[in-house]
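Below is one structure, written out as structure tokens, with a few remarks after it.
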Amino acid sequence: MEYRKMGKTGLKVSSFCLGTMTFGRQVDEKESIRIIQAAIDLGVNFIDTADMYVNGVTEEIVSKAIKGKRDALVIASKGGHIRKQDDKYGEQKDYGPIDLARPRAFHAWPAGEGVGPNDMGLSRKHIMQAVEGSLRRLKTDYLDIYYAHMPDYSTPLEETLRAMDDLVRQGKVRYLGCSNFRAYQLCKALWISDKLNLARWDCIQPPFNLLARDIEYELLPLCSEEGVGVCVFSPMAAGLLAGKYDKDKEPLEGARFSLAHLGYRYNQPYWSDASFAAIDQLKTVALEHGRALPEFSLAWVLSNPAITAVVCGATSIKQLEQNLKATEIDISNAARDACDAVWHKLSPRQLFYGR
């Protein structure tokens, strides 16, 4: 296992971070615990979760799996994701802009009955409440990394950053980060933290894979320049790069794309003729270099010097072991060029400012 520095910090994390989003939903508790413990035995010291995963159940599962091993691990959790309000509170409208990057209104995550307007977002009130909940469920008195899960367009960034800085000063959080933020938002947050002498966001968690490479244009150069760690989620394009799907057939029962709201909303943008055509080409590239597509796809992500870790889940120990092979693979220049050619077909290059 390779261990990499988290941005400019002294924190060392395994390049493979075990993602837990499906634990407690797609994978039952018993198997989830077995997978987590197997990952630890194989050298993984980095585990990622969030308070919204199965409405807190996932964090409780993680706590059982890491009992007695907690201090040897880097535990990351997230808070502040927008949730669907209880009908009695009406409809939440502060979901952010509709533009080329987000052409449709954001679809809030279902969170059960009783959810009110302050049970989400990045206000001081909710951040403090959310952290206490995560600590309680994880049965720990600190989090190694705490992410702002997504932008909150109704809360000033300064309020969020001051609240998160307080968590560091209180010893409840060691390092801070953000997830799903755009490059300009991260840049603005770094500037505010520098100006006000606040603990800064030392890592970011964006999506990145062979079918979704847009962060290479602005976000990755920013992170490299400012020393921000990058821990990417969906490195397998929500499982599509496993090569087990057929665009003319229904998604496999129990697989990510068949999980009702979670499967459709989270993964549907990948399900297209263009993506499947790209996958066929990428399979050929991987095989020509003596690798299966899943491990090749993860290794390609890790070959980017701006990437700190891949956040990758598993539904079985066998799948975990296969995915971990990616940490031992070197991607040749020829393979990288072939992947670039596929990407340029999938997303043709346009006029780009700032040469």
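Structure summary
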read-out	value
Rounded tilt (10° steps) of 273-288 against the dominant C-alpha axis of the chain	60
Max mean-square fluctuation residue, GNM over the chain, Cα-Cα springs under 10 Å, options GLY313, GLY68, GLY133	GLY68
Debye intensity ratio in log₁₀ form over the Cα atoms of the range 74-177, taken at each q of 0.24 Å⁻¹	-1.29
For the range 89-102, Karplus couplings with θ = phi - 60° (6.51, -1.76, 1.60), whole Hz, Gly/Pro x	8, x, 9, 6, 10, 8, 9, x, x, 9, 8, 5, 6, 9
Extended-chain gain in nm, criterion 0.36 nm per residue less alpha-carbon gap, ALA72 and GLN319	86.5 nm
Per residue Cα convex hull volume in Å³ - calculated over the chain	140
Residue of TYR147, TYR175, TYR53 that the Gaussian network model of the chain assigns the largest fluctuation, springs spanning Cα pairs under 10 Å	TYR53
Cut-off 15 Å, label 7 Å out along Cα→Cβ of GLN281, residues of the range 206-223 by amide N	210-213
Square roots of 5 times each gyration tensor eigenvalue, C-alpha, the range 269-355, largest first, Å	24, 16, 14
Average projected area [Cα convex hull, the range 14-126], square nanometres	9.1
Gain upon complete extension [TYR353, ARG102; 0.36 nm per residue less C-alpha separation]	88.3 nm
Residue with peak Gaussian network fluctuation, the chain [Cα springs, cutoff 10 Å], from CYS223, CYS187, CYS178	CYS187
Kirkwood Rh (inverse of mean 1/r, distinct Cα pairs), the range 85-146, angstrom	13.9
Charge-dipole axis of the range 8-101 as Lys and Arg at +1 and Asp and Glu at -1 on Cβ define it, positive-most pick from ILE61, ILE75, GLY10	GLY10
Net lengthening on full extension, ARG124/TYR153 (0.36 nm per residue, minus Cα-Cα)	9.0 nm
Spin-label pair TYR184/GLU29, simplified geometry with 7 Å Cα→Cβ offset, distance in nm	4.6
Normalised per residue, the volume of the convex hull around the Cα set of the range 1-63 (Å³)	83
4 °C / 1.567 mPa s Stokes-Einstein diffusion coefficient of the range 156-235, Kirkwood radius on C-alpha pairs, µm²/s	99
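Just so you know, all these numbers are worked out from the coordinates, no wet-lab data involved. Everything numeric in this text was worked out from a predicted model, so none of it was measured. A quick note on method: Cβ atoms are made from the backbone with ideal geometry, for glycine too, and the neighbour counts reach across all protein chains shown.
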